[in-house]
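Remarks on the structure that follows.
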Amino acid sequence: MNFNGTFTQVIDELVQRVMPSLVVVRGHRFGAGAGIVWDAEGLILTNNHVVGRHNPIVVLQDNREYESRLLARDPDVDLALLSIDATGLTPLKPAPGSPRVGEMVFAFGHPWGQRNTVTRGIVSALVSAQNRRGEKLPVVRSDVPLAPGNSGGPLVNAKGEVVGINAMIVGGDQSVSIAASVAIEFVNKARRDGTSVRRKSEPVPNDVI
Amino acid sequence: MSQNVLVELSDALADAAEKAGNATVLVNARRRMPASGIAYASDLILTADHVVEREEGIKVILADGAEISARVAGRDAGSDLAVLKLERAAGTVAEATKSPARLGQIALALGRPSPDGIEASLGTVSAIGGPIRTGRGGMLERYLRTDSISYPGFSGGPLVAADGTILGLNTSGLANGAAVTVPADIAWRIADTLVTHGRIKRGYLGIRSQAVELPEASQKALQREQAAGLLIMGIEKDSPAAKGGLIVGDILVGVAGEPVIHHDELFARLDGDVVGKSTPIDILRGGQPQTLNVMIGEK
């Protein structure tokens, strides 16, 4: 089989498909992280630790900047759901089911502030991490190089589906992503309890305008 | 359509990890974290010698989670390989590759350092080298290196080709902590010997020597083109060499009819096959070839 150029092409297609859903999430005190466009109507998923204490700024691929509204956050799964007043966005689809050890994955993010970086690896292990509540949290470990700035960005499979939310860097050579199933559950819960969560969030200038 | 190539490769890698992973076991034979092993037969586990720190209470956990007691069937520090015998036969047996590893080939390093499941890292075969003397007093005719990440507890686990066959056994115990892979054909061969004899015999002559060039006249006397030999600088008392009549100043040029021009070659020739046997040693003494029969000892 002649692979000449084939891989470059399919990887390019993958990048073209995923990149529009990658955003910058800029906290006010903390450095910038990454985020994922979760639906077309402005839901943005990112790490809780990226958000900091205030509503962060979300920067889309076309450089439009939005003041976000914090809809929900949960430090125990390190996820936060933001909303921006934008429509017609390109969301990513979560992968159905659990990934397999050995399958190829790609991390999208802004490591060390380098915008729109893609790094490749494979799923190294499917394990669970214990959070502060003592709950077992399914995580995807991979050999994808991650760095600060990747936090909150997507780990996608060869089809461009989200298998994890990049979260932590352990020991430099093993990266940890929160399993997509956790993210789905978190978003569903936030949507269900949306009003109560929203009441808690602080008003932001966007609401006034 | 073109999308499929990437997805197919990804699926193939996951398939390979699953296939070889079913034959990759957890080996608990040391105090700190467990290491890995390869099911080399239904009741035999091939692992790294250095991870077997105790011979009592060894536990092996299979891919299906079953825990089985094991004992050491044979071990060889020199090649850092050990074979464990399971209390009962179990599980999937690993398939060694039929085509040797090639430079640049995609390879997965697998390990099972925790009961949670298989772990993997992707890389390519980045070097094929050898022979080398290992840091543990052995000799490896060939070794592989990869750029995959060797996670803690990966020693004893397999390096896997994209088709799920085993390219070799990974260990950090041979080269000062750096990950090296013992090629499957060598590892399997040593394992066979370990199962039969429990250990690897290494020959012992009892000489110190230095490689020297052979002048043309010596080569003419030898009646063969051989650029170098080993000048004997010292002989240990009561050693096989002393008993066999070798003296300081002799130039060793062959063992069992095969020319020897380098220490590593002498080391390789003095393998288990010649131990305890009267073996012809070719030397040059005063420029003239002679053959002495020496009863090779064991280290």
Cα to Cα, under 25 Å, and not fewer than 8 places away if on the same chain: which lysines meet these conditions relative to B:Lys277? B:Lys201, B:Lys237, B:Lys243, B:Lys299
Rounded to whole Å and sorted largest first, what semi-axes of the equivalent ellipsoid does the C-alpha gyration tensor of the range A:104-181 yield via the square root of 5 times each eigenvalue? 19, 14, 11
Residue-averaged [θ]222 nm for chain A, counting only DSSP H segments that reach four residues, each worth -39500 (n - 2.57): -5500 deg cm²/dmol
Using a Gaussian network for chain B with springs between C-alpha atoms less than 10 Å apart, which of these wobbles most: B:Gly104, B:Gly153, B:Gly21? B:Gly104
For chain A, find the longest principal axis of its Cα atoms and tell me its angle to the long axis of helix A:6-18, 0 to 90°, nearest 10. 10 degrees
What is the set of long-range amide H partners of B:Thr134 at a cut-off below 5 Å, with H atoms built 1.01 Å from backbone N? B:Met139, B:Leu140
Helix B:184-197 against the longest principal axis of chain B: what's the angle in degrees, Cα atoms only, rounded to the nearest 10? 80 degrees
Checking B:Pro215, B:Pro152, B:Pro34 against a Gaussian network model of chain B (alpha-carbon springs below 10 Å), the top fluctuating residue turns out to be B:Pro215
What ranking do A:Met104, B:Met139, A:Met19 get, fewest neighbouring Cβ atoms within 10 angstrom at the top? A:Met19, B:Met139, A:Met104
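When only Cα pairs under 8 Å and 6 or more residues apart are kept, what is the percent relative contact order across the range A:104-181? Before the final figure, lay out the partial values.
Details: 198 pairs, mean separation 23.2, N = 78.
Here the relative contact order equals 30 percent.
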For B:Gly297, other-chain or 5+-apart residues with amide H closer than 5 Å (H placed, Pro excluded) are B:Tyr204, B:Gly276
Straight-line reach from B:Lys85: which lysines fall under 19 Å, measuring Cα to Cα and dropping same-chain residues less than 8 apart? B:Lys59
Mind listing the phi-derived Karplus ³J(HN,Hα) values for the range A:42-56, rounded to whole Hz, using 6.51, -1.76 and 1.60 with θ = phi - 60°, and x for any glycine or proline? x, 7, 10, 9, 8, 7, 4, 6, 6, 6, x, 9, 10, 6, x
Using only alpha carbons, build the gyration tensor for the protein assembly as shown and give me the equivalent ellipsoid semi-axes, biggest first, whole Å. 60, 24, 18
Principal axis dimensions, largest first and in whole angstrom, of chain A by Cα: 60, 41, 30
Mind checking which of A:Val182, A:Val25, A:Val127 has the largest fluctuation in a GNM of chain A, springs on alpha carbons under 10 Å? A:Val127
With just the Cα atoms defining each centre, how far is the range B:227-285 from the range A:26-67? Give it in Å. 73 Å
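Over all alpha-carbon pairs in the range B:45-127, figure out the percentage whose distance exceeds 17 Å. Write down the numbers at each step before the final one.
Values: 2037 of 3403 pairs.
For the range B:45-127, the fraction of Cα-Cα distances above 17 Å is 60 percent.
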Quote the Stokes-Einstein diffusion coefficient, in whole µm² s⁻¹, for the range B:203-298, based on the Kirkwood radius over alpha carbon pairs, a temperature of 20 °C and a viscosity of 1.002 mPa s. 165 µm²/s
Please list, in chain and number order, the residues 5+ apart from A:Gly153 or on another chain whose amide H is under 5 Å from its amide H, with Hs placed from the backbone. A:Ala34, A:Asn166
Can you give me the Kirkwood hydrodynamic radius for the range B:116-208, using every pair of distinct Cα atoms, in Å to one decimal? 14.4 Å
For the range A:13-111, compute the orientation-averaged projected area of the C-alpha convex hull (one quarter of its surface), in nm². 7.1 nm²
Provide B:Ile190, B:Ile106 in ascending order of the number of other Cβ atoms located within 10 Å of each residue's Cβ, fewest first. B:Ile106, B:Ile190
Rg [Å, one decimal], Dmax [Å, integer] - the range B:1-200, C-alpha atoms: 15.7, 56
For helix A:180-192, what angle does its Cα long axis make with the longest principal axis of chain A, in degrees from 0 to 90 and rounded to 10? 20 degrees
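What is the fewest-to-most order of A:Leu60, B:Leu284, B:Leu167 by other Cβ atoms lying within 10 Å of their Cβ?
Working: A:Leu60 20, B:Leu284 24, B:Leu167 29.
By the 10 Å Cβ count, ascending, the order reads A:Leu60, B:Leu284, B:Leu167.
Provide a whole-number value for the mean count of partner chain Cβ atoms within 10 Å of the Cβ atoms in peptide A:141-147. Mind dumping the intermediate values first?
Values: counts 3, 3, 9, 1, 0, 0, 0.
So the per-residue partner count for this stretch is 2.
Relative contact order of chain B, please, whole-number percent, based on alpha carbon pairs below 8 angstrom and at least 6 residues apart. Don't jump to the answer; show the numbers that get you there.
Details: 772 pairs, mean separation 43.8, N = 299.
Rounded, it is 15 percent for chain B.
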Output needed for the range A:85-139: three equivalent-ellipsoid semi-axes, defined as square roots of 5 times the C-alpha gyration tensor eigenvalues, in descending order, whole Å. 25, 18, 15
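So what's the range B:1-72 giving for Cα Rg divided by 2.2 N^0.38 Å, two decimals?
Values: Rg = 16.0 Å, N = 72, 2.2 N^0.38 = 11.2 Å.
Compared with the compact-globule rule of thumb, the range B:1-72 sits at 1.43.
Counting pairs of alpha carbon atoms under 8 Å apart in space and at least six apart in sequence, what relative contact order in percent does chain A give?
Numbers: 510 pairs, mean separation 41.2, N = 209.
RCO, chain A: 20 percent.
Read the figures in this text as sums done on the coordinates, not as results from a lab. Nothing here was measured: the structure is a model prediction, and the numbers come from that model. Neighbour counts are summed over all protein chains in view; Cβ atoms, including those assigned to glycine, are modelled from backbone coordinates with ideal geometry.
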